[in-house]
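Here's the structure we're looking at; comments come further down.
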């Protein structure tokens, strides 16, 4: 079924990559609206019960006020804990003063794509890049993983930045305010109702009422989990179409060759242990200035046969519609179907300038990568 859905989605997008809304996305929007209305009703209900308990809605005896007041306070406390959250994007903040060439490149790409320029740029240690909303009110924020940045060729870096900025205009329903807020609220409710590690430890140690309490909470969480899953299934196809659309927008800026090789590099690196190997070599037998340059050295020194074998594996993979990304093989097929020339070229000299700007951020990122590695293999 996953193979059939992925094939239909890929071929359908190649034939028609317009942004017209699909019926399932409209149903998802209605469902998201109902979820948010339910949240508002919960808040208003709590306020109404609490107001009655305080005597603001009529004169009632103390015995008649206590229980509504207790329920109202509980509803408002639940609504407060389950409120949408707008955290800051992770990583070290890189300002325009810190890295003028990097910010100039991002601005140039954003202008070429007619996309909003990110107001916050951060760097992390991962072999990854991301585009999100940071803080309140939510503002566009770009995150770049130094493990990926130092490994990519200059033109591939343009493709990655362009792909991430394209998420602001690729009509992804999961990133739209309505559905994203509904998923945010449901996620908070699920976290609240799911027993945490301490509660599970009590269940194993004490049993009895602790086990019953956790069972009741898990049962209450089934409703939000079902709604969350249903929303993702309804928007899954359009979410993956939006990912295809971001790839095409990136190819129109960086050129389709660089976009193809960037996707290939990201996939192969994320499905390898090269970063861990680089961390170990840098710790015990350093041959580069830092871990991320060691990772690049390992990547460039990999034998063609090893890459071909790893590539063969991902060419066979498929993903269901609730996956965050379509299969890499399908993304490559879509890009090949629409060849495009580069509109922005990043020279080796300018790329080296950006690398120099990011050097002060390497040490902390390298330490974060090492800490994550140590935590993963502590036991």
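Bear in mind these aren't lab numbers, they're just calculated from the coordinates by the rules spelled out. Please read all numbers here as calculations on a predicted model, not as lab measurements. Virtual Cβ from ideal backbone geometry, glycine too; neighbours counted across all protein chains shown.
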Computed Rg/Rh of region 72-204, alpha carbon atoms with Kirkwood Rh: 1.09
With Cα atoms, 0 to 90° folded angle of helix 197-206 axis to the chain main axis: 60 degrees
Most fluctuating residue given options 205, 164, 156, as computed from a GNM of the chain linking Cα atoms under 10 Å: 205
Fewest-first sequence of 283, 169 by Cβ atoms within 10 Å of each Cβ: 283, 169
Projected label distance in nm at residue 48 and residue 225, using a 7 Å step from Cα toward the beta-carbon: 3.1 nm
0 to 90° range, to nearest 10: angle between helix 291-300 axis and the chain longest Cα axis: 60 degrees
Ranked packing of 330-337, 140-147, most packed first, by mean Cβ within 10 Å: 140-147, 330-337
12 Å tail of the calculated P(r), region 277-317, as % of Cα pairs: 61 percent
Separation of the residue 371 and residue 24 label points, Cα + 7 Å toward Cβ, nm: 4.0 nm
Residue order, fewest to most beta carbons within 10 Å, for 48, 299, 80: 80, 48, 299
Beta bridges per DSSP with both ends in the chain, % antiparallel, nearest 5: 60 percent
The chain, helix-only ellipticity at 222 nm - DSSP H runs n ≥ 4, -39,500 (n - 2.57), divided by all residues, nearest 500: -22000 deg cm²/dmol
C-alpha long axis of helix 23-53 to longest principal axis of the chain, angle in °: 40 degrees
